[in-house]
Amino acid sequence: MIFPKWVDKVTPVLVMGAAFSMIALVFVFWYWFSPKNLNVGYQPEQPINYSHKLHAGALGIDCRYCHFTVDKAAHAAVPPTQVCMNCHEIVQTNSDEIKLVEASYSNNEPIQWVKVHTLPEHAYFNHSRHISAGVGCSECHGRIDQMEVVFQAEPLSMGWCLECHRNPNANLRPQEFITEMQWPVAESSFSVLSEQAFSVADVKALSAGKKRLFSREEVGGKIAANLNINPSQNCSACHR
Amino acid sequence: MSQDTSDSVALPRLVSGNPSFSDIARDVTAPTSGTPPSWWVIAFVAAMSLLMLYGVSVVWLVWEGVGVWGVSHPVAWGYGIINLVWWVGIGHAGTLISAVLFLCRQRWRTSINRFAEAMTLFAVVCALQFPALHTGRPWVDYFMIPVPNQMLLWPNFRSPLLWDLFAFNTYLLVSLLFWYVGLVPDLAVMRDRAKKGISKILYGVFALGWRGSARHWINYERAYLILAGIATPLVLSVHSVVSFDFAVSQLPGWHTTIFPPYFVAGAIFSGFALVVTLLIIAREVYGFKQFVTLYHIDTMNKFLLATGCMVGYAYSIEFFMAWYSGNEFERFAFVNRAFGPYAWAYWIMFCCNVFVPQLFWIKKLRRNIAVAFVISILINIGMWFERFVIIVTSLHRDFLPANWGYYIPTWVDITMYLGTFGLFFTMFLTFLRFLPMIAISEIMGIMDKANPHHASYKTDENATKQNV
């Protein structure tokens, strides 16, 4: 006999183990190696301690003041130093951080911001298409107004894009609230007053509890019908 | 056939010389023990060199991209797909010999089945190299496998190329299992004959604790029969699916309903031809003349004749259909095939595959080792050109004359093709060195001595004498 007797007991365990590890391997790749796990939460250090929580949150500056191309072009511009200087010529000029901003301005050298959200080159993305269709910034970037330092809140994987493209209604909102971080104001439901649009007054009426409540899907459905929205799932829409 | 027809039919003995059981075990395992003979070492070094050439070509291909191949517009499928189809075709003989002939109780298959199955496996491995590299980005080949992924993408189930993936891998898996199950009793023989510790343990692990009890044999026979049943449809399915790669497309010259049977016949044809080539070499160098008799070679050559006539029929009917269809593009494709710029390839194919095997109508030539050897090689050349003709001539002149071109392979194409021979023979020589190349237990089973009606069982002594 070459092998001791206990081998008989070990063999089935090994076989089962091999089968199980095959399944586990697929799971590991699907779960731990997915962009959901690998990319979400990416938060690189920025050259200047600029805070969205302060500027977009506390000060309430509209996103489009700084990211001024976002509703007009494919690319969302990161503001040049000139934009900062609109205020910081007079605000907090003694701060060390602001001195860095000033230095950039006077030397005519851009601040080297580190890019956070990145799609691979083989994927095409267009901001203005999404903004004009009524997809708010927070749908894809999360609660920017609560971030001291920006991090990636969504996986930006193809599956993630498609999930919304297949069923966009729950993510659509009226144009007026496109940069609103918390929307709808009342949790997951609000009012629709007119056929065409939703005004600020409507939402106020909703908050006051005066109107019938609609779900986000219903409102989105109305917007989608009005604007004839039908996000493409063709490969060539995003891989051109 | 032996038991119940023993009185009425006299057959040649499949093993000549009447060796004892232990002689058989000793003779068959002889090549696996002792120092390897010098021809083996030389052949192995040659095979390894070719394998290295293959490695270098693959690295270059992956580094630079598939642009280093000769494929371009309009011939986007060149050597890669030709070699794929060729190797897979060769891989058909194994299952046919082992499964179909087993189910048909063709007992002459026992001395060649192990050999042919090993050849099948290695040929399929060679074939799989090409589609894996043809994707251009082999590191994302897992996209072809339906697993959950971040892209929410499944492979395109409407594509014959995907069917190919499943057909090949099913075939590889079933052939491997079939080969391995057949090997188990012989691995036990190897284990019991092994002297060194490591080889004892390795053979022991793979012999799965085989002791040769009656229960073992009952389970073994059942498993083997079931696997033979599973493998049989695969003989037809794999090359049918390969032919769909072409037949499902809309290209004149590819879009024909005859393709599946035509490809299967061609596959068996080329597979048997390579079995004959290798069998003759092994028979000569190992001196296995008592196991691989002239009767075997004769029978194999009859298969070659039959399948050669089938492909000849397919070539002709294709022309008839092109004319009969009245479709001018179809007609052009075939006239261009036989008389266009690639006419040389077409006529090499036609001569090697259709004319040459006709020599096998003559019994003398069927039983002549030298003739069989040369013809088997010519057939494989012819079958390679068949794929060349189908792929290249259909593509090189498509619907827009402005696109017409002439396909020329590059050195990478050629070294990769030669390199797969290195891969094949490295695996094959390793197999010859470490595993019994003839199924010992099955050979014992077809001996007269193994027959319960031994005394009344008649073999045709005359026929037997002729075979040695």
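The values are calculated or read from the model by the stated rules, or taken from the named source; none is laboratory data. Computed from a prediction, not measured in an experiment: that's the story for all the values here. Here Cβ is always computed from backbone atoms with ideal geometry, including for glycine, and neighbour counts include all displayed protein chains. We work out accessible area using only protein heavy atoms, side chains counted, and drop any ligands, DNA or RNA first. Shrake-Rupley method; radii C 1.70, N 1.55, O 1.52, S 1.80 Å.
Worth pointing out:
- Leading residue by the ranking (farthest from the other protein chains (Cβ to nearest Cβ)) among those in the range B:115-139 that are surrounded by fewer than 16 Cβ atoms within 10 Å (Cβ to Cβ) and part of a helix (DSSP H, G or I): B:Ala132
- Only one of B:Ile390, B:Ile440 that is at pLDDT below 90 and crowded, with 17+ Cβ neighbours inside 10 Å: B:Ile440
- Close pairs from the range A:100-118: first under 30 Å from A:Pro155 (Cα atoms), partner not in a loop (DSSP other than H, G, I, E, B), Cβ under 8 Å, at least 6 apart: A:Pro110/A:Thr81; A:Pro110/A:Ser104; A:Ile111/A:Thr81; A:Ile111/A:Leu100; A:Ile111/A:Val101; A:Ile111/A:Ser104; A:His117/A:His141
- Qualifying residue in the range A:67-81 (condition: closer than 26 Å to A:Glu176 by Cβ, among the β-branched types (Val, Ile, Thr) and crowded, with 16+ Cβ neighbours inside 10 Å): yes
- The residue of the range B:324-367 that is nearest to B:Ala247 (Cα to Cα), among those that are basic (Lys, Arg) and open to solvent by 10 Å² or more (accessible area, probe 1.4 Å), is B:Arg331.
- Of the residues making up the range B:140-173, those that are more than 20 Å from B:Leu121 (Cα to Cα), of a type in the set (S, T, N, Q) and surrounded by 13 or more Cβ atoms within 10 Å (Cβ to Cβ) number 3.
- Helices (runs of 4 or more DSSP H) contained in the range B:325-401 and holding at least 2 residues under 21 Å from B:Ser249 (Cβ atoms), of a type in the set (Lys, Arg) and without any contact (Cβ under 8 Å) to a residue 60 or more places away in the chain: none
- Residue in the range B:254-261 that is assigned to a loop (DSSP other than H, G, I, E, B), free of Cβ contacts under 8 Å to residues at least 60 places away in the same chain and closer than 27 Å to B:Thr120 by Cα present: yes
- Positions within the range A:106-125 being surrounded by 14 or more Cβ atoms within 10 Å (Cβ to Cβ) and within 17 Å of A:Asn49 (Cβ to Cβ), in sequence order: A:Ile111, A:Trp113, A:Val116
- Criterion: within 14 Å of chain A (Cβ to nearest Cβ) and of a type in the set (A, V, I, L, M, F, W, C) - qualifying residue of B:Val205, B:Val241, B:Val235, B:Val184: B:Val205
- With respect to the conditions (1) assigned to a helix (DSSP H, G or I); (2) β-branched (Val, Ile, Thr); (3) open to solvent by 10 Å² or more (accessible area, probe 1.4 Å), B:Thr35 lacks only one, and its number is (1).
- Top-ranked residue in the range A:160-173 [being more than 14 Å from every other protein chain (Cβ to nearest Cβ) and buried (at least 17 other Cβ atoms within 10 Å of the Cβ); ranked as nearest to A:Gln43 (Cα to Cα)]: A:Asn171
- The number of residues in the range A:6-26 being more than 9 Å from chain B (Cβ to nearest Cβ) and under 26 Å from A:Ala153 (Cα atoms) comes to 0.
- Here the range A:43-66 is the region considered, the condition is being of a type in the set (Gly, Ala, Ser) and in contact (Cβ under 8 Å) with a residue 24 or more places away in the chain, and the residue that is surrounded by the most Cβ atoms within 10 Å (Cβ to Cβ) is A:Ala56.
- Answer from A:Val10, A:Val40 - the residue that is over 26 Å from A:Ile178 (Cβ atoms) and either without any contact (Cβ under 8 Å) to a residue 60 or more places away in the chain or open to solvent by less than 90 Å² (accessible area, probe 1.4 Å) (or both): A:Val10
- The set of residues from the range A:226-240 being more than 12 Å from A:Leu172 (Cβ to Cβ) and touching a helix residue (DSSP H, G or I) at 6+ places or on another chain (Cβ under 6 Å) comprises just one member, A:Gln233.
- Filter result for the condition that a residue is out of contact with any strand residue (DSSP E or B) (no Cβ under 6 Å at 6 or more places or on another chain), over 21 Å from A:Gln146 (Cβ atoms) and more than 14 Å from every other protein chain (Cβ to nearest Cβ), over A:Asn108, A:Asn37, A:Asn49: A:Asn108
- Scanning the range B:205-229 for residues being within 29 Å of the chain's Cα centre (by Cα), assigned to a helix (DSSP H, G or I) and surrounded by 15 or more Cβ atoms within 10 Å (Cβ to Cβ) gives a total of 7.
So that you can scan it fast, the table gives a plain yes or no per residue for (1) within 14 Å of chain B (Cβ to nearest Cβ); (2) under 19 Å from A:Met181 (Cβ atoms):
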{"site": "A:Lys115", "(1), (2)": "no, no"}
{"site": "A:Glu121", "(1), (2)": "no, no"}
{"site": "A:His127", "(1), (2)": "no, yes"}
{"site": "A:Ala133", "(1), (2)": "no, yes"}
{"site": "A:Arg143", "(1), (2)": "no, yes"}
{"site": "A:Glu148", "(1), (2)": "no, yes"}
{"site": "A:Met158", "(1), (2)": "yes, no"}
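- Some residue of the range B:52-71 being closer than 30 Å to B:Ile198 by Cβ, touching a residue at least 24 places away in the same chain (Cβ under 8 Å) and crowded, with 21+ Cβ neighbours inside 10 Å: yes
- Any hit, the range A:126-145, residues being over 14 Å from the mean Cα position of the chain (by Cα), farther than 18 Å from A:Pro174 by Cα, open to solvent by 30 Å² or more (accessible area, probe 1.4 Å) and touching a residue at least 40 places away in the same chain (Cβ under 8 Å): no
- Residue list for the range B:267-290, filter: open to solvent by 10 Å² or more (accessible area, probe 1.4 Å), outside any loop (DSSP other than H, G, I, E, B), more than 18 Å from B:Arg433 (Cα to Cα) and not β-branched (Val, Ile, Thr): B:Leu274
- Residue within the range B:166-174 that is within 19 Å of the chain's Cα centre (by Cα), assigned to a helix (DSSP H, G or I), modelled with pLDDT of 90 or more and within 14 Å of another protein chain (Cβ to nearest Cβ) present: yes
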